[in-house]
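S.K.: After the structure tokens below, expect a handful of questions from me.
Just so you know, all these numbers are worked out from the coordinates, no wet-lab data involved. This one's a predicted model, so the numbers in the text were calculated from it and none came from an experiment. Glycine gets a Cβ as well: all are built from the backbone with ideal geometry, and neighbour counts include every protein chain shown.
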């Protein structure tokens with residue numbers, strides 16, 4: 001049975017969602033876009049024209065479109081400040097919801113959405129598309145296989161200077177809320193550990209073209225006495241890192257590095273005599289499932305499968321809130337100058 005989906009928020013990011021849907025023959029058979037919603041009707045109409053969505057209902061009012069189309073899915077691609085009313089309305093109208101990140105604009109709103117999803121019995125998940133790339137999956141597999149022993153440190157560097165224009169350049173806490181959540185979520189996923197506490201320094205460096213918080217340095221304590229460090233800037237001109245960050249995992253037997261693109265290296269302790277024992281290079285297994293390495297397409301496919309089978313999607317909201325708690329914990333620490341305990345009490 002084909003699911004009927006309404007897409008709300010028809011700006012530039014919506015194009016990535018629609019390209020992912022149209023790139024998969026299976027998704028095209030399983031999902032039909034029946035409605036588009038945007039406060040600017042011209043934007044919605046232009047999106048429909050670009051992607052050949054000839055028979056969709058287009059309006060500024062989400063409830064009207066859901067009711068008119070008998071939709072059972074909402075694809076939520078609105079700006080973070082609009083997420084709570086949009087997702088709440090869709091859940092109450094019986095839709096399963098897949099949201100752009102972040103899950104919500106505050107922890108209180110996130111918890112309220114989780115409660116509403118549970119009350120309505122709808123699938124509610126978040127597009128953490130960077131979990132679904134081969135590099136992140138490959139790191140996770142190496143950790144699960146015990147390649148470098150027990151992981152005690154995860155260290156990520158992110159330095160890049162994108163000139164987006166639009167809402168990002170006016171946001172507060174722009175790096176932490178809009179980008180760092182990808183790396184925070186991936187670190188939690190790769191390590192299998194839970195965040196406990198964070199200390200963060202956030203700045204808006206000289207020359208920044210963002211209104212607030214384009215740079216952040218955060219130290220997280222994780223379960224199992226592990227540490228995750230993040231050094232990042234979204235206004236760092238010059239030789240950039242990957243969008244996925246540059247990674248170093250430290251374990252009890254060795255280290256694993258990834259440049260966020262193609263360069264992986266795993267090294268274990270060597271046997272040289274003297275102060276430093278050297279190292280030996282070992283091979284790193286590939287990602288376990290090629291179908292899980294297609295970004296947006298893989299997230300969408302898993303979401304649709306979860307609706308059909310009743311299983312929990314990997315990025316279900318009551319798990320993703322743990323990644324969101326890392327973001328808001330870092331924001332609170334930066335605001336107060338103090339370490340902040342991370343808790344998603346009740347979830």
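S.K.: Please give the length that would be gained between residue 67 and residue 27 if that part of the chain were fully extended, namely 0.36 nm times their separation in residues minus their C-alpha to C-alpha distance (nm, one decimal).
M.R.: Additional length available on full extension: 12.1 nm.
S.K.: Which whole-number percent is the relative contact order of the chain (Cα, under 8 Å, 6+ apart)?
M.R.: About 18 percent, as a whole number.
S.K.: When DSSP beta bridges are limited to those with both residues in the chain, what percentage is antiparallel, rounded to the nearest 5?
M.R.: Just about 60 percent of them are antiparallel.
S.K.: Still on this structure: How many angstrom separate the Cα center of the stretch 1-38 from the Cα center of the stretch 259-293?
M.R.: Here the two parts' Cα centres lie 39 Å apart.
S.K.: What is the calculated FRET efficiency for residue 108 to residue 12, with r their C-beta to C-beta distance and R₀ = 35 Å, to the nearest 0.05?
M.R.: 0.75
S.K.: Follow-up question, since we're still on this one. In which sequence would 199, 230 go, from the one with the fewest C-beta neighbours within 10 Å to the one with the most?
M.R.: 199, 230
S.K.: Tilt of helix 41-50 relative to the longest C-alpha principal axis of the chain, in degrees (0 to 90, nearest 10)?
M.R.: It works out to around 80 degrees.
S.K.: Here is a follow-up. Simple spin-label model, 7 Å along Cα-to-Cβ: residue 206 to residue 54 in nm?
M.R.: The answer from the label model is 5.9 nm.
S.K.: When a footprinting reagent is the concern and you count Cβ atoms within 10 Å, what order do 198, 143 take, fewest first? Please report the intermediate quantities before stating the final value.
M.R.: Numbers: 198 26, 143 22.
Arranged by neighbour count, lowest to highest, 198, 143 become 143, 198.
S.K.: Let me check the size of the stretch 264-347 from its C-alpha atoms; what are the radius of gyration and Dmax in Å?
M.R.: Answer for the stretch 264-347, Rg first and Dmax second: 20.7, 60 Å.
S.K.: For the stretch 88-105 and the stretch 109-144, compute the distance between their C-alpha centroids and round to whole Å.
M.R.: Centre-to-centre (Cα) distance: 13 Å.
S.K.: Further question: If one puts a single equal scatterer on every Cα of the stretch 78-122 and applies the Debye formula without solvent, what log₁₀ I(q)/I(0) results at q = 0.14, 0.19 Å⁻¹?
M.R.: Per q value, in the given order, log10 I(q)/I(0) is -0.26, -0.48.
S.K.: How far apart, in nm, are the 7 Å Cα→Cβ label points at residue 19 and residue 257?
M.R.: In this crude spin-label approximation the distance works out to 3.1 nm.
S.K.: Still on this structure, I have one more. With everything on Cα atoms, drop me the angle between helix 83-92 and the longest principal axis of the chain, reported from 0 to 90° to the nearest 10.
M.R.: The answer is roughly 60 degrees.
S.K.: What is the angle, in °, between the Cα long axis of helix 296-309 and the longest principal axis of the Cα atoms in the chain? Nearest 10 is fine, range 0 to 90.
M.R.: 70 degrees
S.K.: Quick check: the distance between the Cα centres of the stretch 185-231 and the stretch 298-347, to the nearest angstrom?
M.R.: Here the answer is 15 Å between Cα centres.
S.K.: So if R0 is 41 Å, what FRET efficiency would residue 305 and residue 283 give, r being the distance between their Cβ atoms, rounded to the nearest 0.05? Present the calculation step by step, with values, prior to reporting the outcome.
M.R.: Numbers: r = 32 Å, r/R0 = 0.77.
Between residue 305 and residue 283 the formula returns 0.85.
S.K.: Ok, one more. Using only the Cα atoms, work out Rg/Rh for the stretch 3-122, with Rh taken as the Kirkwood radius, to two decimals.
M.R.: In the stretch 3-122, Rg relative to Rh is 0.95.
S.K.: Also, quick follow-up: What distance in nm separates the two pseudo spin-label positions at residue 248 and residue 267, each 7 Å out from Cα along the beta-carbon direction?
M.R.: Calculated label separation equals 1.0 nm.
S.K.: If packing is taken as the average count of other Cβ atoms within 10 Å, what order do 2-12, 110-120 fall into, highest mean first?
M.R.: The densest-packed peptide leads the list: 2-12, 110-120.
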